[in-house]
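The block underneath contains the structure these notes are about, expressed in structure tokens.
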Amino acid sequence: MTAVLTGDIINSKQGTTPDWILNLKDALAFFGSEPTHWEIYRGDSFQLEIDPLRALEAAIYIKASIKKEKNLDVRIAIGIGEKNYTSPQVTSSNGTAFINSGECFDRLKKTNLALQSNSPEIDEYINLLLELALLTMNGWLPATATIVRAALRNQDLSQRALANMLDKSQSSISEALSRAGYDEILKLLQLYQKKIKTLC
């Protein structure tokens with residue numbers, strides 16, 4: 001069982017390319033190595049293969065990394081399933097995880113983050129939670145996204161340590177994470193993992 005994230009950058013032509021491409025590469029590299037686990041193709045599209053239990057965390061981390069740049073966002077489809085063929089390049093591998101990810105991505109119209117597995121019941125449950133979470137996450141400003149990204153990357157750090165690392169006051173970190181719905185995101189990740197474990 002594996003998970004595949006297929007995504008692209010929203011408004012990529014409006015951004016300063018070196019900035020968002022470096023943010024994207026850094027985010028993808030945090031979860032694996034290129035090109036075995038991830039690749040960027042067609043300029044602003046990407047694919048990442050990852051442990052299913054970490055797939056949603058990776059998607060939210062990538063979103064925070066891209067929203068560090070003003071007016072940019074990301075569209076991500078998470079596909080969960082089997083991997084039948086392993087290629088040295090992730091974009092050439094195959095299996096139901098890749099098919100689910102591609103089909104899910106093709107359906108991303110009104111939302112920019114969704115999941116497809118082989119369980120319609122779990123998909124319906126998780127996707128409703130994602131739609132609700134996106135009401136907050138889509139509104140992240142660059143400063144908020146930067147703090148969320150740092151918090152996700154350093155989950156073992158206290159808010160005080162995070163404030164020192166980002167050279168900000170602890171109160172500003174606390175306010176930003178509260179605005180971002182960070183505690184609720186952590187609860188969402190726990191709930192997601194609980195549901196996905198029933199698939200694995």
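The values are calculated or read from the model by the stated rules, or taken from the named source; none is laboratory data. A quick note: this is a predicted structure, and the numbers were derived from the prediction, not measured. With ideal geometry, Cβ positions are generated from the backbone for all residues, glycine too; neighbour counts draw on all protein chains shown. We work out accessible area using only protein heavy atoms, side chains counted, and drop any ligands, DNA or RNA first. Shrake-Rupley method; radii C 1.70, N 1.55, O 1.52, S 1.80 Å.
Quick notes
- Residue with peak Gaussian network fluctuation, the chain [Cα springs, cutoff 10 Å], from Ala161, Ala150, Ala180: Ala161
- Helical content of the chain, expressed as a calculated mean residue ellipticity at 222 nm, amounts to -16000 deg cm²/dmol (DSSP H runs of 4 or more residues, -39,500 (n - 2.57) each, divided by residue number, nearest 500).
- Residue by residue, region 95-109 carries 3J(HN,Hα) couplings of x, 5, 4, 6, 5, 4, 5, x, 5, 5, 5, 5, 8, 6, 10 Hz when phi is fed to the Karplus relation 6.51 cos²θ - 1.76 cosθ + 1.60 (θ = phi - 60°); x denotes Gly or Pro.
- Alpha carbon centroid spacing (whole Å) that separates region 12-59 from region 86-163: 12
- Electrostatic dipole magnitude of region 85-154 [Cβ: Lys, Arg +1; Asp, Glu -1; Cα centre; debye, to 20]: 360
- Cα gyration tensor shape of region 140-200, rounded if a/c is under 1.5, else prolate or oblate by comparing a/b with b/c: prolate
- Each Cα pair under 8 Å and six or more residues apart adds its separation to the average, and for region 60-124 the resulting relative contact order is 32 percent.
- With a cut-off of 15 Å between beta carbons, the residues surrounding Ala27 carry a summed charge of -2, where Lys and Arg count +1 and Asp and Glu -1.
- Ranked packing of 164-171, 80-87, most packed first, by mean Cβ within 10 Å: 80-87, 164-171
- Sorting 181-190, 41-50 by average packing, meaning the other beta carbons within 10 Å per residue, from highest down gives 41-50, 181-190.
- Dipole check for region 1-118: with +1 at the C-beta of Lys and Arg, -1 at the C-beta of Asp and Glu, and the Cα centre as origin, the magnitude is about 400 Debye.
- Projecting the Cα positions of Ile173, Leu129, Thr96 onto the charge dipole of the chain (unit charges on Cβ atoms of Lys, Arg, Asp and Glu, taken about the Cα centre) puts Ile173 furthest along the positive direction.
- Beta bridges per DSSP with both ends in region 11-162, % antiparallel, nearest 5: 55
- Mean Cβ count within 10 Å, highest first, over the residues of peptides 191-198, 118-125, 60-67: 60-67, 191-198, 118-125
- Its relative contact order, with pairs defined as Cα atoms under 8 Å and 6+ residues apart, puts the chain at 22 percent.
- Kirkwood radius and radius of gyration were both taken over the C-alpha atoms of the chain, and their ratio Rg/Rh is 0.96.
- Carbon and sulfur %, accessible surface of the chain computed with the full protein complex present, 1.4 Å: 49
- In the context of the full set of protein chains, region 24-149 has a per residue accessible area of 44 Å² (1.4 Å probe).
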